[in-house]
Amino acid sequence: MQTYLSHLECSLCSAEFPYHTPRFVCESCGGALFVSYDLSKASRTLSPARVKQRGVSLWRFREVLPVQHEKNIVTLGESMTPVLHFEKTGRKIGLPHLYVKDESMLPTGSFKSRGMTVAVSKAKEFGAHTVAAPSAGNAGGALAAYAARAGMESVLVVPRDTPEINIAEIRQYTDHLYLIDGLIHDAGAVIKKGVVESGWYDCSTMKEPCRVEGKKIMGYEVAEQFNRVLPDVIVYPTGGGTGLAGMWKAFEEMETMGWIDEKRPRMIAVQSSGCPPLVRAWRRNAETCEPYNPAWGFQTIASGLRVPKPFADRLLLGILKKSRGSAVEVSEDKIKDAMRYYAREEGLIFCPEGAAAMQAVCDMKERDEIKEGESVLVYNTGSGLKYIELLRREE
Ligand SMILES: *Cc1c(COP(=O)(O)O)cnc(C)c1O
Ligand SMILES: [Zn+2]
């Protein structure tokens, strides 16, 4: 086990901090902290060929993951996820190079496990006793599962109208689940109090630096699976944005190590019309999001996208701009139709978040925002089977 972890760096003001003790957000500006590595040293033992020999575990990228000692790794077997060629759909919509990265078979049924295996491992390394986070759905189950595996307590606070399965799932892992009348940021306020008063270890989205590290492995895998020529377009359902930020970070790290050139995919953030703060900000050409107001008719079936104001909004909008990408919204009805359509057409039950991303590709192709010859990678971020209310409604 060898990590080339060097320090933490603020994603907004570039302030640097050592990472020998738990740290969460930037002490000078409150921005999200990113883990930095000595990449020139890391690239001596980490190479695409070496990675290939190490099997399929996320931890095969140990040099660029932040855990010092192998004994602290808390894993449920996070393996590389498949990239499926959507040939039939591609033919229909005029995109012969259309691919789906299917994250649905990861532990706990969503890609949240990528972030939590790393965050909980680091928490264990720091000797944390209780990890805590607010959640809109899948993050809660993933955190509680890894905490159980590590022998830690976990505290989760979720909105009362979070999908049934997410609540039932969390209750299997822990007694400390609290339902609140409100949204994810209201849940966040409860967690903040516990962090200050009871010493809980905060695993909130983007306020804990290691979840992005786990999610960035999606970017490393794309390079592996596309033979180091990144797709032209990546379409990603975005809530808090850890995946988007993580993939972008992975691309930068790989370029520094000489694995890929400077070409970047256009990054497309997809949201549902029930909660599209990034899309609204993008259209206004704004640098940050206005909190999306529930009074405007806020309701989305894509629970992973129920984030009225992403904590790292400035960073995310910056990435969309740098990549010459965009933010796109898809209506709730179209999401539901897409779920059933692709189940029948391609044999895959998308989660509503992933279905939104698939639909966004069709809409963008129709508007000529994606061209026929381009390679397009869409993320299915979790299993559609976790959305029992939705599937029942379709009976
Ligand atoms: C959390 C979640 C998202 C959003 O992920 P971020 O990387 O935090 O933007 C998308 N889809 C599903 C299924 C999720 O659980
Ligand atoms: Zn800062």
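Within segment 236-249, being within 12 Å of ligand 1 (Cβ to nearest atom) and outside any loop (DSSP other than H, G, I, E, B) holds for TYR236, PRO237, THR242, GLY243, LEU244, ALA245, GLY246, MET247, TRP248. Against the list (1) under 22 Å from GLY140 (Cα atoms); (2) surrounded by fewer than 16 Cβ atoms within 10 Å (Cβ to Cβ); (3) at pLDDT 95 or above, the condition ILE388 fails is (3). Go through the residues of segment 201-214 one by one and say whether even a single one is among the aliphatic types (A, V, I, L, M) and either surrounded by 24 or more Cβ atoms within 10 Å (Cβ to Cβ) or within 16 Å of ligand 2 (Cβ to nearest atom) (or both). There is at least one residue in segment 201-214 that is among the aliphatic types (A, V, I, L, M) and either surrounded by 24 or more Cβ atoms within 10 Å (Cβ to Cβ) or within 16 Å of ligand 2 (Cβ to nearest atom) (or both). SER11: touching a residue at least 24 places away in the same chain (Cβ under 8 Å), within 16 Å of ligand 2 (Cβ to nearest atom) and farther than 22 Å from ALA147 by Cα, yes or no? Here the answer is yes, as SER11 does meet what is asked. Within segment 128-186, the set of residues being charged (D, E, K, R) and surrounded by fewer than 21 Cβ atoms within 10 Å (Cβ to Cβ) comprises ARG149, GLU153, ARG160, ASP161, GLU164, ARG171, ASP175, ASP181, ASP186. In the set SER28, SER79, only one residue is small (Gly, Ala, Ser), more than 16 Å from ligand 1 (Cβ to nearest atom) and under 20 Å from the mean Cα position of the chain (by Cα); that residue is SER79. Out of segment 336-360, which residues are hydrophobic (A, V, I, L, M, F, W, C) and either over 19 Å from the mean Cα position of the chain (by Cα) or surrounded by fewer than 24 Cβ atoms within 10 Å (Cβ to Cβ) (or both)? Selection gives ALA338, MET339, ALA343, LEU348, ILE349. Restricting attention to segment 33-53, does a residue exist that is in a loop (DSSP other than H, G, I, E, B), closer than 28 Å to MET152 by Cα, away from ligand 1 (no atom under 16 Å from the Cβ) and modelled with pLDDT of 95 or more? There is no residue in segment 33-53 that is in a loop (DSSP other than H, G, I, E, B), closer than 28 Å to MET152 by Cα, away from ligand 1 (no atom under 16 Å from the Cβ) and modelled with pLDDT of 95 or more. For segment 105-220, which helices (runs of 4 or more DSSP H) that fit wholly inside it have 3 or more residues that are out of contact with any Lys or Arg (no Cβ under 7 Å at 6 or more places or on another chain) and among the charged types (D, E, K, R)? In segment 105-220, 112-125, 164-173, 184-198 are the helices (runs of 4 or more DSSP H) which contain 3 or more residues that are out of contact with any Lys or Arg (no Cβ under 7 Å at 6 or more places or on another chain) and among the charged types (D, E, K, R).
With the requirement that a residue be of a type in the set (Phe, Trp, Tyr) and within 25 Å of MET80 (Cα to Cα), what does segment 111-142 give you?
Residues of segment 111-142 of a type in the set (Phe, Trp, Tyr): 111, 126.
PHE111, the sole residue that qualifies.
Results for (1) of a type in the set (Gly, Ala, Ser); (2) over 25 Å from ALA245 (Cα atoms); (3) touching a residue at least 12 places away in the same chain (Cβ under 8 Å), shown as yes or no for each residue.
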{"site": "MET105", "(1), (2), (3)": "no, no, yes"}
{"site": "SER110", "(1), (2), (3)": "yes, no, yes"}
{"site": "GLU125", "(1), (2), (3)": "no, no, yes"}
{"site": "HIS129", "(1), (2), (3)": "no, yes, yes"}
{"site": "ALA147", "(1), (2), (3)": "yes, no, yes"}
{"site": "VAL157", "(1), (2), (3)": "no, no, yes"}
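Here VAL229 meets the list (1) outside any helix (DSSP H, G or I); (2) farther than 21 Å from TYR37 by Cβ; (3) under 18 Å from the mean Cα position of the chain (by Cα) almost entirely, failing just condition (3).
Annotation note: Cβ proximity below 7 Å between a residue of segment 168-193 that is touching a residue at least 40 places away in the same chain (Cβ under 8 Å) and a residue that is hydroxyl-bearing (Ser, Thr, Tyr) and not in a loop (DSSP other than H, G, I, E, B) (sequence gap 6+ or interchain) occurs for VAL190/TYR178. The set of residues in segment 23-38 being touching a Cys at 6+ places or on another chain (Cβ under 8 Å) and either near ligand 2 (Cβ under 10 Å from one of its atoms) or over 21 Å from LYS124 (Cα atoms) (or both) consists of CYS26, SER28, CYS29, GLY31, ALA32, LEU33.
In the set (1) assigned to a loop (DSSP other than H, G, I, E, B); (2) buried (at least 24 other Cβ atoms within 10 Å of the Cβ); (3) free of Cβ contacts under 8 Å to residues at least 40 places away in the same chain, ASP261 fails one condition alone, (2).
The values are calculated or read from the model by the stated rules, or taken from the named source; none is laboratory data. If you're wondering where the values come from, they're calculated on a predicted model, not measured in any experiment. For neighbour counting, all protein chains shown are included, and Cβ atoms are generated from backbone atoms with ideal geometry for every residue, glycine included.
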